[in-house]
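Worksheet for the structure shown next.
The numbers here are math on the coordinates, done by the rules we state, and not lab data. Because the structure is a prediction, the values reported are computed rather than measured. In this analysis, Cβ positions are derived from the backbone assuming ideal geometry, glycine residues included, and neighbour counts consider all displayed protein chains.
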Amino acid sequence: MQTRSLGKTDLAIVPVVFGGNVFGWTADEARSFELLDAFVDRGFNAVDTADVYSTWLPGHQGGESETIIGKWLARSRNGSGKRDKVVLLTKVGMEMKSGGKGLSRKYILEEVEQSLKRLQTDYIDLYQSHTDDQSVPLEETLEAYAQLIDAGKVRYIGASNYKGARLAEAIDLAERKKLPAYQTLQPEYNLHDRQDYEQDLAPVAAKYGLGVIPYFSLASGFLTGKYQSLEDAKGKKRESRVQKYFDERGMKILKALKQVSTETGAEQAAVSLAWLLAQPTITAPIASATSTQQMEALFAAVELKLTAQQVALLTDASAY
């Protein structure tokens, strides 16, 4: 199966990343184990999570997703072993229920230990700044990462939810100061949410050769065809998230997706992910699933090759 490199690293991944935000949220521990097993057994290898998942649920403190992944890794060690088959991505910086947040040296060095403990691993393949923290000098944050890389606890670093100028500033600073540089970018990007990434971040990603792993690749399920109208989303867990997509442009996108889906015989989710994979700066979209059936669309996306005309149809339908 084809792989792509995550930026200027030796991390080769099959180009769909499993989004671990569902672990402990819409997928309980047993289902999460089932999904992770299915993902890796099919030859896929990149799993993304964050310390903050899933603080949005009542009673959750954060770390629930990492804890489930850690239990899965520990369980697999008693069998065939999975850690060496997995590229593990997690994040730091967003506010935990404890109130801890940010990218200060002290907080990063403390929080990475908690993530390592929950994940039951000695190292994190890609440790990402979950959001920019302008209260902390960029140099301080990068120095903390340098310490973790030197200690072997982190292999590479990435950034998420940064503005283009700030991201470029951080990378340029790293080069000047001989510090670790961000190798990847995790932005919000999909057929509907295009403008911010394409205008502000894509030029930076291209200039520095960043590996780009967009989140909300399926627009919270909107692009899967699961919801054909706002009424379909009523009462669903993601209702508040998908409301914004049901505008005139959103309906044009759904129409184009349906056409390409019919032409290719692929599910709309696979078509949406394949469109992302056809974009020049994208390494691998992040997508979640809560059933092995849903995962088939993730698997299919890697093999689905859209024609130039199909890519153009989707791009034109989603023009902003």
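Listed values, structure above:
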read-out	value
Eligible aspartates and glutamates near Lys97 by straight Cα distance, threshold 14 Å, same-chain separation 8 or greater	Asp51, Glu64, Glu111
Neighbour net charge for Ala256 - beta-carbon separation under 12 angstrom, K R +1, D E -1	+2
Gain in span if fully extended, Gln228 to Gln147, counting 0.36 nm per residue against the direct Cα distance	24.2 nm
Hits among aspartates and glutamates - C-alpha to C-alpha of Lys207 under 16 Å, sequence gap 8 or more where chains match	Glu169, Asp172, Glu175, Glu198
Order of Asp193, Asp247 - criterion: other Cβ atoms within 10 Å of each residue's Cβ, fewest first	Asp247, Asp193
Fluctuation leader among Val87, Val136, Val17 - the chain, Gaussian network, Cα springs under 10 angstrom	Val136
Local electrostatic count at Ile286 - Lys and Arg +1, Asp and Glu -1, tallied over other residues with Cβ under 11 Å	-2
Relative contact order computed over the chain (Cα-Cα under 8 Å; 6+ residues apart), in percent	18 percent
Ranked list, fewest to most other Cβ atoms within 10 Å of each Cβ, for Met94, Met1	Met1, Met94
Spin-label pair Glu188/Ala74, simplified geometry with 7 Å Cα→Cβ offset, distance in nm	3.5 nm
For the chain, built as a Gaussian network whose Cα springs stay under 10 Å, the top-fluctuating residue of Leu57, Leu306, Leu109	Leu57
Local electrostatic count at Met96 - Lys and Arg +1, Asp and Glu -1, tallied over other residues with Cβ under 10 Å	-1
Distance between the range 1-63 and the range 265-320 - C-alpha centres, whole angstrom	18 Å
For Leu142, Leu273, Leu116, order by how many other beta-carbon atoms lie within 10 Å, fewest first	Leu116, Leu142, Leu273
Residue-averaged 222 nm ellipticity for the chain, from DSSP H runs of 4+ at -39500 (n - 2.57), nearest 500	-12500 deg cm²/dmol
Centroid-to-centroid separation of the range 187-232 and the range 108-147 [C-alpha atoms, Å]	25 Å
Distance violations [Cα-Cα > 27 Å] among Lys106/Lys178; Lys71/Lys163; Lys71/Lys178; Lys8/Lys82	Lys71/Lys163; Lys71/Lys178
The range 4-186: relative contact order in percent, alpha carbon pairs under 8 Å with at least 6 residues between	18 percent
For the chain, built as a Gaussian network whose Cα springs stay under 10 Å, the top-fluctuating residue of Met96, Met295, Met251	Met251
